[in-house]
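Engineer: Below are the structure tokens for one structure; questions will follow.
The values are calculated or read from the model by the stated rules, or taken from the named source; none is laboratory data. On a predicted model such as this, the values are computed, not experimentally measured, just so you know. Note: ideal-geometry Cβ built from the backbone for every residue, glycine included; neighbour counts use all protein chains shown.
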Amino acid sequence: MRGKDGESLAPLIWTSTALVCGVLLHIDRLPLWTSATAALWVGWRFASELRSVRLPSSFAKVGVTLAMIVAVLVQFRTLNGLAAGTALLVVMGSLKLLETHSMRDRSIVIGASLFLLLAACLDRQSMLRAGLYLIHAWVCCTALAVTTRGRVAITNSGAAKLSARSLGLAVPLALVMFLFFPRVVGGFWTLPQTGAATTGLSETMSPGSISELGESGEPAFRVHFEGTPPPREQLYWRGPVLHDFDGYTWRQAPGQAYVKRPVTYIGQPYRYRVTLEPSGNRWWFALDTVVQSPDRRKVQLTFDNQLVARDPVNTTISYEAVSHTETREEGPIPVVARRVDTRLPEGRNSRSVELARSMRAAAESDERYVADVLNMFRTGGFEYTLTPPLLDLDSVDDFIFNTRKGFCGHYASAFVTMMRAGGVPARVVTGYHGGEWNRIRQYFLVRQSDAHAWAEVWLEGRGWARFDPTASAAPQRLTNALASLIPEAGSASERLLRDIPWLFDLRQRWDALNDWWNERVVKFNLETQLDLMRLLGFESPDWRVLGYALSAGLVLWMLIIGWQVARGARPAPVDRLAAAYQKLCAKLARAGIPREPHVGPQAYATTIRAERPDLATDAGVLLSTYTQLRFGNEISEADRAEAVRAFERAVRSFRPSRAK
Amino acid sequence: MKEFLRNRIAAWARRRQGLDVPPFSFHRRRIYILPTGLGMAFTVMLVVMLIAGINYGSSAAMFLTFLLGGFTLVCMHQCHRNLLRVFFVSASAPPMFAGKPGVLRVVFSSDTSFARYGIEVAALKSPNVGTDVPARGQSHVDVPLPPSKRGTLLIDRLYVSTSFPYNLFRAWTWVHFPIEVTVYPRPHGSLPMPSESGEKSGPRSMTIAGSDEWQGLRPFREGDSPRQVAWKAYARGAPLLVKEYTALGAELRVFDYSQLPQLDIESRLEQLTRWIVDAESRGERYALVLPGRTFEADSGPQHRHECLSALASHGLTKDADAR
């Protein structure tokens, strides 16, 4: 393709492609105006090349540049940080495209595109995206090859092949470096991360306001247990604990509401590793009651057993934890805790409060009362649904006395309200329940659709005890995935996945692959490296061993690459037919009949017949074969190679006897 | 500074390699390689990427850095290989006129199964001029030579290099193969051509009247007289053409150095050059008389070259070669 002045547009096209690909990697996170202006500049540049559209003057360009920087500043309040930096790169890189006239300019744009790739790598590193990143690296390298080729007669596809080869040869080195380059624990500095999307649980819960529960099959986290995992009905993954209720919405307690007291753990501890997908939230999920914070520097264990991180989870993280599913806490509840967790808004949900008071009065103990309320949910005509009717402001009253249809949030909210109204301390716990067992890599996959809410009730002599009112209303919810409980749940594609076994199996395999990716590749760190070295037979590996391995790998790669690249630089193969003929002549010369340089093969055959009739037949056949192969044209090009090889073999096995 | 360094290294390479006798191929021991400016910038970018990758603990960024690092090293090998075993077949330059740029033709060939791209040559601080050498083929490159003084232009070394692919590295070698280019004096001067001679055989008036037989047009060559250019054709958009005549009367001219006492030495040589070029292009026979040397009347390229070479080296000792 050529521009209006006849110059090849290929370098510009490839450079723009590299930049546009870089923008596309970020398109879902970039403010719309940055992508739009980038498209504008690219379009303008091509318009100027193909039609007689004028490029902006350099004065205008300076103005636009400053305006863009200010716009980014206004949007992000900073130029620092990944999101703002990315936006700035997009804007500046595409503006630079307006004035790329030399190889140097184009190289700068390609550099910007590579930095966009770097930003994408820092931002997200799922397996699918990793494939995109590789393609992008290839596009950038091809653009570099095209833009630096000058007057060299290499074609575009030649450049694409060349860069694919260069990158392909670089892969082994990248692998060696990746495996053995010693990883640093912790970073040098942190940049503010903004703009990450938020998925999953929120900090509040208003069951009445939701008429349709999201059915996202997105993974929330994956859990590998060490040893036997707990039974499925025990898999309560604790997230935000909600204490404050205004009659409609549940909220977290502001600050540290009360002090956590030591508890006695009952039963066996469960050790496991969680790989948490980025959510933009600050909760690290753990099984029920976690013993201690997995990493005190990063995450704090709160009084109500939540794990709250210092920073939002914006990248895949993994941590190990130990949990118990049953605890006992002796002694009376602290006064503050009782006050916080029995508080109800004045004058709201009055019918429920009334009912609760009378039920509590009828029950002889708190335990009895809890059982009565759960029994009410089981037998009172309640129905589990993912599409509940909206509730009025006294949401609990509306739910218990009118609609009686709801999902976990409705039951938890109503149950805790009833408990509190009866004077029993109770709190709402949100999180996830259950998970899909992946039998390929032996782990639980917890999806966003496994989100759940349950309750904890303080019982004298037992401490905080977990109750799941949803389980009373819909007991199958505990043992089965939500999907099997309500056939119409989920989208059409979800249902399809469920009903076709091999598709389900495929999905499990795919998720296992993703899990492997997260565990082995994304989370590759010093520890994994040292484990690998142990696997390779080093007793007590440290970074020095890594250094040796790295150097050895590097040297080996350099040797192989040097050999591989230089292989083509050896002289072209000699004419094999000529070589075989030389050999034949040499053999005959040793047998006493040297060929004079001016004698052709046919004349030579005549000479042999005259001087050594005993050799005449064999030598004659060989020489006439040679004549045919060399001068004849009745043999096709494809057969010729085979015939030459046959001739070589014949010459090799030809053993003329010496003259007597 | 850079120039000084380059000269020192070239001198060291010359001591190491000795003089080259074409045809020869570039052995790996004489190919040097360094990153280009772009290569340096690329390396700085890789360092930034590595630091960012370590800081964020991002496996993807680390892998990307290592991949591009490996890519750079592969590029180094490929650049080196692009020059390796290229055959330097010949380098020659036709005589040139003083004050006019000349041209040096360098011929490369390759006996390997892959094509070489962007093999560049520079001589005497000229810019790099490149060519591609096909697989098992041959190609040439014409390197411009800077305008020079009368005498001999000595090209003591050639800089053969390549930055293919990606321009991240430049591999180069020095070819120490002295080439002497004869630099004729500048054809200049407006004195009328002496036309009388002892044994003239044709009517003089006819030549002056320009009534020689019209022979045709031929492309302009360096040193042709502007008076013979077919300006009308040129104005119509044709390339520069020169009108050729054959002398009807086999005019014989004698160009005598001593007959131009009113001019200084250089001007005399320039005037003589002018006459020789003009006479030759008209196909006339001419003789040249220099102090101590005489060229018998003759015509043809060989004669022209001998005469002009004599003018080029006139009064110059071998040591005072123009550099």
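Engineer: For segment B:93-135, how many residues meet the condition of being assigned to a strand (DSSP E or B), over 10 Å from the mean Cα position of the chain (by Cα) and within 18 Å of B:His305 (Cβ to Cβ)?
Structural biologist: 1
Engineer: Condition first: farther than 30 Å from A:Leu513 by Cβ and at the interface with chain B (Cβ under 7 Å from one of its Cβ atoms). Can you find one or more residues in segment A:112-127 that meet it?
Structural biologist: Applying the first criterion (farther than 30 Å from A:Leu513 by Cβ) to segment A:112-127 yields A:112.
Filter once more, so that each one left must be at the interface with chain B (Cβ under 7 Å from one of its Cβ atoms): none.
So far as segment A:112-127 goes, no, none of its residues is farther than 30 Å from A:Leu513 by Cβ and at the interface with chain B (Cβ under 7 Å from one of its Cβ atoms).
Engineer: Looking at A:Val313, A:Val299, A:Val274, which is the one that is buried (at least 18 other Cβ atoms within 10 Å of the Cβ) and either touching a Pro at 6+ places or on another chain (Cβ under 7 Å) or at pLDDT below 85 (or both)?
Structural biologist: On the way: A:Val299 fails: either touching a Pro at 6+ places or on another chain (Cβ under 7 Å) or at pLDDT below 85 (or both); A:Val274 fails: either touching a Pro at 6+ places or on another chain (Cβ under 7 Å) or at pLDDT below 85 (or both).
Residue meeting the stated conditions: A:Val313.
Engineer: Let me ask another. Six or more apart or on different chains, Cβ under 8 Å: which pairs go from a residue in segment A:456-476 that's assigned to a loop (DSSP other than H, G, I, E, B) to one that's at pLDDT below 85 and of a type in the set (Ser, Thr, Tyr)? Could you list them?
Structural biologist: From segment A:456-476, the pairs are A:Ala474/A:Tyr384.
Engineer: Residues being within 7 Å of another protein chain (Cβ to nearest Cβ) and in a helix (DSSP H, G or I): count how many of those fall in segment B:74-92. Even if it seems obvious, please write down each step before you answer.
Structural biologist: Going residue by residue through segment B:74-92, those that are within 7 Å of another protein chain (Cβ to nearest Cβ) are B:74-75, B:77-78, B:81, B:84-85.
When the remaining residues are screened for being in a helix (DSSP H, G or I), the result is B:74-75, B:77-78, B:81.
Qualifying residue count for the region: 5.
Engineer: Output the number of residues of segment A:302-329 satisfying the condition of being among the aliphatic types (A, V, I, L, M) and under 23 Å from A:Thr228 (Cβ atoms).
Structural biologist: Going residue by residue through segment A:302-329, those that are among the aliphatic types (A, V, I, L, M) are A:307-309, A:313, A:317, A:321-322.
Filter once more, so that each one left must be under 23 Å from A:Thr228 (Cβ atoms): A:321-322.
Within segment A:302-329, residues that are among the aliphatic types (A, V, I, L, M) and under 23 Å from A:Thr228 (Cβ atoms) number 2.
Engineer: Which pairs do you get when a residue that is crowded, with 20+ Cβ neighbours inside 10 Å, found in segment A:66-87, comes within reach of a residue that is among the basic types (Lys, Arg), reach meaning Cβ atoms under 7 angstrom, with the pair 6+ apart or on two chains?
Structural biologist: A:Ala83/A:Arg29
Engineer: List, please: which pairs have Cβ atoms under 9 Å, are six or more places apart or on different chains, and start with a residue in segment A:619-639 that is closer than 27 Å to A:Lys587 by Cα and end with one that is at pLDDT 75 or above and in a loop (DSSP other than H, G, I, E, B)?
Structural biologist: A:Ala619/A:Ala591; A:Ala619/A:Ile593; A:Ala619/A:Arg612; A:Ala619/A:Phe654; A:Ala619/A:Pro656; A:Leu622/A:Phe654; A:Thr627/A:Gly600
Engineer: Continuing with the same structure: Would you check if there is a residue in segment A:590-605 being assigned to a helix (DSSP H, G or I) and in contact (Cβ under 8 Å) with a residue 40 or more places away in the chain? Full working, then the answer.
Structural biologist: Start the filter on segment A:590-605 by keeping residues that are assigned to a helix (DSSP H, G or I), which leaves A:590, A:601-605.
Pick out the ones that are also in contact (Cβ under 8 Å) with a residue 40 or more places away in the chain and you get A:590.
Checking segment A:590-605: at least one residue is assigned to a helix (DSSP H, G or I) and in contact (Cβ under 8 Å) with a residue 40 or more places away in the chain.
Engineer: Of the residues B:Thr65, B:Thr36, only one is surrounded by 15 or more Cβ atoms within 10 Å (Cβ to Cβ), within 10 Å of another protein chain (Cβ to nearest Cβ), within 28 Å of the chain's Cα centre (by Cα) and β-branched (Val, Ile, Thr); which? Talk me through it step by step, then tell me what you get.
Structural biologist: Numbers: B:Thr65 fails: within 28 Å of the chain's Cα centre (by Cα).
Criteria check complete, one pass: B:Thr36.
Engineer: Is it true that some residue in segment A:190-199 is at the interface with chain B (Cβ under 9 Å from one of its Cβ atoms), surrounded by 17 or more Cβ atoms within 10 Å (Cβ to Cβ) and at pLDDT below 90?
Structural biologist: Applying the first criterion (at the interface with chain B (Cβ under 9 Å from one of its Cβ atoms)) to segment A:190-199 yields A:190-191.
Next cut, surrounded by 17 or more Cβ atoms within 10 Å (Cβ to Cβ) only: A:191.
After this cut, where a residue has to be at pLDDT below 90 as well, the list is A:191.
Yes, that holds for at least one residue.
Engineer: Still on this structure: Pick out the one residue from A:Arg124, A:Arg149 that is modelled with pLDDT under 90 and within 19 Å of A:Leu30 (Cβ to Cβ).
Structural biologist: On the way: A:Arg149 fails: within 19 Å of A:Leu30 (Cβ to Cβ).
Within the list A:Arg124, A:Arg149, the selection yields A:Arg124.
Engineer: Give me the residue from segment A:557-586 that is at pLDDT 85 or above and under 30 Å from A:Arg165 (Cα atoms) and, out of that set, surrounded by the most Cβ atoms within 10 Å (Cβ to Cβ).
Structural biologist: A:Trp557
Engineer: Quick one: which of B:Leu269, B:Leu263, B:Leu288, B:Leu241 is hydrophobic (A, V, I, L, M, F, W, C), in contact with a Phe, Trp or Tyr (Cβ under 7 Å, 6 or more places away or on another chain) and modelled with pLDDT of 80 or more? Don't jump to the end; show me each part of the working.
Structural biologist: On the way: B:Leu269 fails: in contact with a Phe, Trp or Tyr (Cβ under 7 Å, 6 or more places away or on another chain); B:Leu263 fails: in contact with a Phe, Trp or Tyr (Cβ under 7 Å, 6 or more places away or on another chain); B:Leu241 fails: modelled with pLDDT of 80 or more.
Every option except B:Leu288 fails the conditions.
Engineer: Identify all residues within segment A:51-65 that are modelled with pLDDT under 85 and either touching a Lys or Arg at 6+ places or on another chain (Cβ under 6 Å) or surrounded by 14 or more Cβ atoms within 10 Å (Cβ to Cβ) (or both); write none if there are none.
Structural biologist: Applying the first criterion (modelled with pLDDT under 85) to segment A:51-65 yields A:51-58.
Of everything in segment A:51-65, those that are modelled with pLDDT under 85 and either touching a Lys or Arg at 6+ places or on another chain (Cβ under 6 Å) or surrounded by 14 or more Cβ atoms within 10 Å (Cβ to Cβ) (or both) turn out to be A:Leu55, A:Pro56.
Engineer: So B:Leu124 fits all but one of (1) away from chain A (no Cβ under 13 Å); (2) at pLDDT 85 or above; (3) closer than 30 Å to A:Arg104 by Cβ; what number is the exception?
Structural biologist: (2)
Engineer: If you go through segment B:119-138 one residue at a time, do you hit one that is without any contact (Cβ under 8 Å) to a residue 24 or more places away in the chain, under 17 Å from B:Phe164 (Cβ atoms) and out of contact with any strand residue (DSSP E or B) (no Cβ under 6 Å at 6 or more places or on another chain)?
Structural biologist: The answer is yes; a qualifying residue exists.
Engineer: For segment B:278-286, does any single residue satisfy the condition of being touching a residue at least 12 places away in the same chain (Cβ under 8 Å) and under 16 Å from B:Ser190 (Cβ atoms)? Give the derivation first.
Structural biologist: Residues of segment B:278-286 that are touching a residue at least 12 places away in the same chain (Cβ under 8 Å), as a first pass: B:278-286.
Next, only the ones that are under 16 Å from B:Ser190 (Cβ atoms) stay: B:278-279.
Yes, that holds for at least one residue.
Engineer: Going residue by residue through segment A:136-151, is there one that turns out to be more than 10 Å from chain B (Cβ to nearest Cβ), within 13 Å of B:Ala60 (Cα to Cα), assigned to a helix (DSSP H, G or I) and not polar (S, T, N, Q)?
Structural biologist: Within segment A:136-151 (the criterion being more than 10 Å from chain B (Cβ to nearest Cβ), within 13 Å of B:Ala60 (Cα to Cα), assigned to a helix (DSSP H, G or I) and not polar (S, T, N, Q)), the answer is no, since none of the residues qualifies.
Engineer: Let me ask something additional. Evaluate segment A:26-42: report whether one residue or more is part of a loop (DSSP other than H, G, I, E, B), of a type in the set (D, E, K, R), in contact with a Gly (Cβ under 9 Å, 6 or more places away or on another chain) and on the phi < 0 side of the Ramachandran plot. Break it down stepwise before answering.
Structural biologist: To start, the set of residues in segment A:26-42 that are part of a loop (DSSP other than H, G, I, E, B) comprises A:27-31.
Applying the additional criterion that residues be of a type in the set (D, E, K, R) yields A:28-29.
Next cut, in contact with a Gly (Cβ under 9 Å, 6 or more places away or on another chain) only: A:29.
If we keep only those that are on the phi < 0 side of the Ramachandran plot too, we end up with A:29.
For segment A:26-42, residues part of a loop (DSSP other than H, G, I, E, B), of a type in the set (D, E, K, R), in contact with a Gly (Cβ under 9 Å, 6 or more places away or on another chain) and on the phi < 0 side of the Ramachandran plot: present.
Engineer: Taking only pairs six or more apart or across chains, which ones have beta-carbon atoms under 7 Å, a first residue in segment A:547-569 that is closer than 20 Å to B:Asp111 by Cα and at the interface with chain B (Cβ under 9 Å from one of its Cβ atoms), and a second residue that is at pLDDT below 90 and outside any helix (DSSP H, G or I)?
Structural biologist: Here the result reads A:Ala566/B:Leu84; A:Gly568/B:Thr112; A:Gly568/B:Ser113; A:Gly568/B:Phe114; A:Ala569/B:Leu84; A:Ala569/B:Arg85; A:Ala569/B:Thr112, each pair linking segment A:547-569 to a residue that is at pLDDT below 90 and outside any helix (DSSP H, G or I).
Engineer: Count, please, the residues in segment A:587-631 that happen to be crowded, with 16+ Cβ neighbours inside 10 Å and of a type in the set (Phe, Trp, Tyr).
Structural biologist: Counting residues in segment A:587-631 that are crowded, with 16+ Cβ neighbours inside 10 Å and of a type in the set (Phe, Trp, Tyr) gives 2.
Engineer: Checking A:Gly81 against (1) closer than 16 Å to A:Pro11 by Cα; (2) touching a Ser or Thr at 6+ places or on another chain (Cβ under 9 Å): exactly one of these is not met. Which one?
Structural biologist: For A:Gly81, the exception is condition (1).
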